[in-house]
1. GNM on chain A, C-alpha springs below 10 Å: top fluctuator among A:53, A:95, A:42?
2. Using a Gaussian network model of chain A whose springs link C-alpha atoms within less than 10 Å, name the residue from A:81, A:103, A:93 with the highest mean-square fluctuation.
3. Could you work out how much longer the chain between residue A:85 and residue A:16 gets when fully extended? Use 0.36 nm per residue separation minus the Cα distance between them, nm to one decimal.
4. Averaged across the residues of B:35-44, what count of C-beta atoms belonging to other chains lies within 10 Å of each residue's C-beta?
5. Over all residues in B:45-54, what is the mean tally of Cβ atoms on other chains that come within 10 Å of each residue's Cβ?
6. Would you mind telling me which residue in A:56, A:15, A:44 has the biggest mean-square fluctuation in a Gaussian network model of chain A, where springs connect alpha carbons within a distance under 10 angstrom?
7. Sorting check: for B:79-88, A:28-37, which peptide has the highest mean count of neighbouring beta carbons within 10 Å, and how do the rest follow?
8. Residue by residue through B:102-111, how many Cβ atoms from other chains fall within 10 Å of the Cβ on average?
């Protein structure tokens, strides 16, 4: 069985502060994929990043960065210098073996206060 | 990026009626699509895998006779909520991927309200 844990439910930060969202996953597969999605109030899911289990390289994209550590089964996401437009729910997700079936964490509601 | 279109975005129906939701991949073919359900302030739960040309695969606890899925072509999957009840009110969202192991592209979602 696969499982994704996002511990913090709601996080409030003041604009320009950094915020880190934790994601811990469980899987018995050696091949798996990890994702982060953003869900703004409109409801649609916006793809942010994908990582496969064989690629532990961290990634930075603008103000977003991701830290993938297989040793701790974590795939954490940091927003640097947060902006009001970053206010949304962020989901971490896992799929095993490339089957494209996603197991989502509970999500983190990020509220950026101007 | 790839586009997945879902229609309608909102629907209100009376108890006992059926509602059909369409999910289309606009610029790629998808042999497999997925249907998720999301209750307010909760996570997305996979309901079923829609397979082109064959029966859908339902997750445990999802009633297949209640949620009919048809994947008639490589670009269209439909979810029909039959004999809808107020407890079926939810946000339904579909996804499709270009290839195995790649990112899922999601439709805009359908907010269903059963009155």
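1. A:42
2. A:81
3. Values: separation 69, 0.36 × 69 = 24.84 nm, distance 1.15 nm.
Once the chain is fully extended between residue A:85 and residue A:16, it gains 23.7 nm.
4. On the way: counts 0, 3, 0, 7, 0, 0, 6, 3, 10, 11.
Average neighbour count from other chains, rounded to a whole number: 4.
5. Working: counts 2, 4, 0, 1, 3, 0, 0, 0, 0, 0.
If you average over the peptide's residues, the count of other-chain Cβ atoms is 1.
6. The residue with the greatest mean-square fluctuation here is A:44.
7. Working: B:79-88: 15.8, A:28-37: 17.9.
Top of the packing list down: A:28-37, B:79-88.
8. Values: counts 7, 11, 11, 3, 8, 3, 4, 5, 1, 1.
Average neighbour count from other chains, rounded to a whole number: 5.
Quick note: the coordinates plus some simple rules give every number you see, no bench work behind them. Keep in mind it's a predicted model, so treat the numbers as computed, not measured. Every residue, glycine among them, receives a Cβ derived from its backbone with ideal geometry; neighbour counts consider all protein chains shown.
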